[in-house]
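**Student:** Attaching a single structure in structure tokens format; questions to follow.
The values are calculated or read from the model by the stated rules, or taken from the named source; none is laboratory data. All figures in this text were calculated on a predicted structure; none of them were measured in a lab. Don't worry about glycine lacking a Cβ; one is built from the backbone with ideal geometry, like all the others, and counts go over all protein chains shown.
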Amino acid sequence: MTVENNHRWPTPNHNYVPEYQMSGVPFLETFTFPTNGQNNNGELTSKKVSFDQVTRWIQILNHNNTNNTHIYLFFNDTELASFVAGKNGSNIVPNGYKGCRHIRIDNGAYTPRLEMKCKELWILGEEGTICSVMAGLTSIPSNTFPDQKYINGFTGVQINPANAN
């Protein structure tokens, strides 16, 4: 019998506690939100960050020191799309429902270390804004983790689609 077929040696999954009791493998990505090739006119662009393994923790840093240069963190593309659809000029407003599920990171600020497991996240920012994503990764493959959507039981990261309007 091979190790892969031995039921006494469970395969680590996102509910496997020992993976979250030890330090994570480091992940770091720094990027600049792309510009439209013209002047930086404050347009919002998004960046999807995917992890090969499920995270143990994440932390996001907004490098810009310009006033009112915020970045927004989302855990699924549906909530990002709803947020962007509610954009009204330079102000961000919810798209006709009871608020969006996101984290706003102000200019020059960073989130605390967020102890949460995820396989991808979306960040929205103004053109030219510099952002860093740091994470501690487990050895759990991200393709074994469900999409972070309301339909999969992730009620805290997306408004119930039935109540969206």
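**Student:** Suppose we filter segment 16-31 for residues that are outside any loop (DSSP other than H, G, I, E, B) and without any contact (Cβ under 8 Å) to a residue 40 or more places away in the chain; how many remain?
**Tutor:** Just the residues of segment 16-31 that are outside any loop (DSSP other than H, G, I, E, B), to begin with: 18-21, 25-31.
Next, from what is left, pick out any that are without any contact (Cβ under 8 Å) to a residue 40 or more places away in the chain: 18, 21.
Residues flagged as outside any loop (DSSP other than H, G, I, E, B) and without any contact (Cβ under 8 Å) to a residue 40 or more places away in the chain within segment 16-31 amount to 2.
**Student:** While we're on this one: Give segment 49-89 a look and list any residue that's at pLDDT below 90 and small (Gly, Ala, Ser), or say none.
**Tutor:** If the condition is that a residue be at pLDDT below 90 and small (Gly, Ala, Ser), then ALA81, SER82, ALA85, GLY86, GLY89 are the ones that fit.
**Student:** Could I ask something else about it? Six or more apart or on different chains, Cβ under 9 Å: which pairs go from a residue in segment 128-141 that's free of Cβ contacts under 8 Å to residues at least 40 places away in the same chain to one that's crowded, with 18+ Cβ neighbours inside 10 Å and of a type in the set (Gly, Ala, Ser)? Could you list them?
**Tutor:** Filtered contacts from segment 128-141: no entries.
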